[in-house]
Amino acid sequence: MKNRFLTLLFGMLASSLTIAGHHEEPQVLAPMAQADQVIVLYEVPCSDVATGIVTLKELIAHEVSASPIAYSSSPGLIGDNAIGAVDLHLSMASMEKAIAWQEGNEKWKTLQAKSLKACGVNVDDIKVTVVMAQ
């Protein structure tokens, strides 16, 4: 009986240790982008970060629902006084098509103006960094 209890206890302990790390993130890094994909970081100084990020999320939501060009965009805070986004495009040509769509889409331009106004800046204040993945 004692051996049976110890075996059961050991089995429960072993299985607990085995599944204890199930919630941990994998320890393997994966690339954000594949070769020839384009990562773009937009950085906007912002006097009202809380409102700026809300309006930026509205802009990105419009992109998600209306853009005929496939790309990903994630909004974010940059330090204490800036907002921005990180976009991932399938290629340079795809990025250029997305930009052309943005420039021709009145709702997108209105939402961008709203976001820039919330931050107290204009389009010339946007810092853009383009990275071609290798």
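At-a-glance table
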| item | result |
| --- | --- |
| Some residue of region 46-57 being at pLDDT below 95 and loosely packed, with under 14 Cβ neighbours inside 10 Å | no |
| Pair list, Cβ < 9 Å and 6+ apart or interchain, from region 32-50 residues that are in contact (Cβ under 8 Å) with a residue 40 or more places away in the chain and within 21 Å of SER115 (Cβ to Cβ) to residues that are assigned to a strand (DSSP E or B) and of a type in the set (Asp, Glu) | ILE39/ASP87; VAL40/ASP87; LEU41/ASP87; TYR42/ASP87 |
| Flag for THR51 being farther than 21 Å from MET132 by Cα, more than 16 Å from the chain's Cα centre (by Cα), among the β-branched types (Val, Ile, Thr) and not in a loop (DSSP other than H, G, I, E, B) | yes |
| Residue count for region 82-95, restricted to those that are loosely packed, with under 14 Cβ neighbours inside 10 Å and either in contact (Cβ under 8 Å) with a residue 60 or more places away in the chain or more than 14 Å from ALA33 (Cβ to Cβ) (or both) | 1 |
| Enumeration of residues in region 37-59 that are closer than 13 Å to GLY84 by Cβ and among the small types (Gly, Ala, Ser) | GLY52 |
| Residue list for region 92-134, filter: among the polar types (S, T, N, Q), in contact with a strand residue (DSSP E or B) (Cβ under 8 Å, 6 or more places away or on another chain) and more than 15 Å from ALA61 (Cβ to Cβ) | SER94, THR129 |
| Qualifying residues in region 61-77 (those that are surrounded by 14 or more Cβ atoms within 10 Å (Cβ to Cβ) and in a helix (DSSP H, G or I)) - the one nearest to the chain's Cα centre (by Cα) | GLU63 |
| The one condition in (1) within 28 Å of ALA30 (Cβ to Cβ); (2) in a strand (DSSP E or B) that VAL44 fails to fulfil | (1) |
| Residue match in region 102-120 (condition: on the phi > 0 side of the Ramachandran plot and assigned to a loop (DSSP other than H, G, I, E, B)) | yes |
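The values are calculated or read from the model by the stated rules, or taken from the named source; none is laboratory data. What you see is a predicted model; the values in this text were computed from it and never measured. Quick reminder, even Gly has a Cβ in these numbers, built from the backbone with ideal geometry, and neighbours come from all protein chains shown.
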